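My questions all concern the structure below.
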Amino acid sequence: MNRVAITGIGIYSSIGKNLEEVKSSLYNGKSGIIFDPERKKFGYQSGLTGKVENPELRGILDHRSRSCMPQQAEFAYMSTSEALMTAGLTREYLDLTDAGIIFGNDGSALPVIEALDTIRETKDTMMVSSGSVFQSMNSTVSLNLSVIFRLKGINFTVSAACASGAHAIGLAYSMIRHGYQKTIICGGTQEVNLYCVANFDALGAFSRLESSPAEASRPFDRKRDGLVPSGGAATVILEDLDYAIKRGAPILAEVVGYGFSSDGTHVSVPDTNGQIRAVTMALNEAGLDPGKIDYINAHATSTPLGDQAEAMTLNRIFGKYRPAVSSTKSMTGHELSMCGASEVVYSVIMLNNSFIAPNINFEEPDEFSSPLNIITQTTPAEFDVCLSNSFGFGGTNSCLIIKKVH
Amino acid sequence: MEKEEIIVAVNKFLLQEFEVDEKEIRPDAHLKDDLGLESLDFVDIAVMARKRFGITVKGKDMLSLKTLGDVYDYIHRLVQMK
């Protein structure tokens, strides 16, 4: 079995458009949440959202490339360009390899709705531009980036709700571990616009703390009242460790465990049994006892039930060890299909810069979160091993263990 | 509609949407070799023609067009037939 290194990371999110900005936000506990009055006018119950600006790709990518890319593919282009740069992988080098791509994405609402609005209005499919179909597919990110970066290896998209990005990394890890690929660009992305979470808002799952956007996402806190939708893109370059060392790549960390499971119980209510199986599988794969985990980047989204279930899972497995826990969603909001990848990027940033980012807005625990060692202030820490949890609708669970390489 | 109006609209579309090099815009410019257009781009030209001139461009007709002058003539012919 091959060891799997993280040689590059890139990020484009509500708390920064690149690694430097995001590192600073994580360190300073800066929120990326705003109140968007347009959402209220549109009919949302909550006007809260992560703010992610559209990148300007005119002059960077040609017309054909741009016309096929929806917002989340543009985000992913930005994060992937940064990740390739940190990994020291040029397009010319990629041309000589069979590098692949596995990206997490679970929807493309904006282009689908815009195209159908046009067709409904004109009763004419010939009024829809040529790029629309490529923008509308769930696989839009992997299909676009594979062409732009001229990739020749594995090429597909993982759709697994809010665990999409984490499963993408887990699957890429498995492919490299088993020797099928040397290099895989993986990650997760999520569009941020008026249309993509309107029906999610219908469930009443979003925070209503509109008067204080930066305080709205409060994972594990007793007064949490819902998640804040957000998005962007995160990219992780995974490589066979020996291969990466031979080409002189920076070894930012190592993926040592991937655990997965399905609750098989409910579309939206998480089940601790499923979560426990996924965390345990990741620990077993890594050959680590729970006491060896230094930091847990929790999935905790700031919903009452979700955070309660994860707190129970963490108490059950890690109870007496009390590793440091924080949910970076307290700053970013819930990045949905991106979050499993972005939280690996956030964790690697912390790992390589010797600090643990705070779970901001955690003021008062409830009975489930009170036993946890939740980090509320930025904490300097030399640490080696972290666990990143992702749990999605439909009970899809994905847990990744990341370790520093000495 | 005068043909000049069609020429101006098509050229503007190519410059703004396809970022075609202005120096390459001339009636004898080859659509693929000089302007770098491909079959998917013809779909967008058809959408533009439908919106701007209210005509229905047929895909197979578009594929037979070789030069920018052919595009001007083809659209002009359809506009006159309306």
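Which lysines, on any chain, are close to A:K223 with Cα under 29 Å apart, when same-chain ones fewer than 8 places away are left out?
Leaving aside lysines fewer than 8 places away in the same chain, those within reach of A:K223 are A:K23, A:K30, A:K40, A:K41, A:K51, A:K320, A:K329.
How big is segment A:221-359 in terms of Cα radius of gyration and Dmax, in angstroms?
For segment A:221-359, the Cα radius of gyration and maximum Cα-Cα distance read 15.9, 51 Å.
Percent antiparallel among DSSP beta bridges with both residues in chain A, to the nearest 5? Walk me through the intermediate numbers first.
Values: 43 of 64 bridges.
If we restrict to bridges inside chain A, about 65 percent are antiparallel.
If the cut-off is 26 Å between C-alpha atoms, which lysines fall inside it for B:K12, apart from same-chain ones fewer than 8 positions away?
The reachable lysines, counting only those whose Cα sits under 26 Å from B:K12, are B:K3, B:K23, B:K32, B:K51, B:K58, B:K60, B:K66, B:K82.
Show me, for segment A:61-71, the HN-Hα J-couplings you get by feeding each phi into the Karplus relation (A = 6.51, B = -1.76, C = 1.60, θ = phi - 60°), rounded to Hz, glycine and proline as x.
10, 6, 4, 4, 4, 5, 5, 9, 9, x, 3
Normalised by the residues of segment B:3-81, what does the relative contact order come to in percent, with Cα pairs under 8 Å and at least six apart? List each step's numbers first, then the result.
Values: 65 pairs, mean separation 27.6, N = 79.
RCO, segment B:3-81: 35 percent.
Go through segment A:302-319 residue by residue and turn each phi into a ³J(HN,Hα) via Karplus (6.51, -1.76, 1.60, θ = phi - 60°); whole Hz please, and just put x for glycine and proline.
Working through the residues one at a time gives 5, 8, x, 6, x, 5, 4, 5, 5, 4, 5, 4, 5, 4, 5, 8, 10, x Hz.
Contact order normalised by length for chain A, with contacts defined as Cα pairs under 8 Å and 6 or more residues apart; what percent is it?
This gives 24 percent for chain A.
Here's a follow-up. For A:Y180, A:Y12, B:Y72, which order do you get if you count the other beta carbons within 10 Å of each Cβ and list the fewest first?
On the way: A:Y180 15, A:Y12 29, B:Y72 19.
Arranged by neighbour count, lowest to highest, A:Y180, A:Y12, B:Y72 become A:Y180, B:Y72, A:Y12.
Per the Kirkwood formula on distinct C-alpha pairs, the Rh of the protein assembly as shown is how many angstrom?
Details: mean 1/r = 0.0423 Å⁻¹.
Kirkwood hydrodynamic radius for the protein assembly as shown: 23.6 Å.
For segment A:20-97 and segment A:267-288, compute the distance between their C-alpha centroids and round to whole Å.
Each part reduced to its Cα centre gives a spacing of 30 Å.
Can you give me the long-range amide H partners of A:N373? Hydrogens built in the peptide plane at 1.01 Å from N, cutoff under 5 Å, separation of 5 or more residues or another chain.
Close amide H contacts, sequence-distant or interchain: A:V325.
For segment A:371-377, what does the Karplus curve 6.51 cos²θ - 1.76 cosθ + 1.60, with θ = phi - 60°, yield as ³J(HN,Hα) per residue in whole Hz, taken in order and with x for Gly and Pro?
x, 7, 8, 7, 7, 9, 10
Can you give the average number of partner chain beta-carbon atoms within 10 Å of each beta-carbon in peptide B:13-20, as a whole number? Intermediate values should be presented prior to the final figure.
Working: counts 0, 1, 0, 1, 3, 4, 5, 1.
Per-residue shielding by partner chains comes out at 2.
Follow-up question, since we're still on this one. Whole Å is fine, so just give me how far the alpha carbon centre of segment A:193-242 lies from that of segment A:345-362.
So the separation of the two Cα centres works out to 17 Å.
Every number here is computed from the coordinates shown, using simple stated rules; none is lab data. In this text the structure is predicted, and so the values were computed from the model without any measurement. Reconstructed Cβ throughout: ideal geometry from the backbone, glycine too, with neighbour counts over all protein chains shown.
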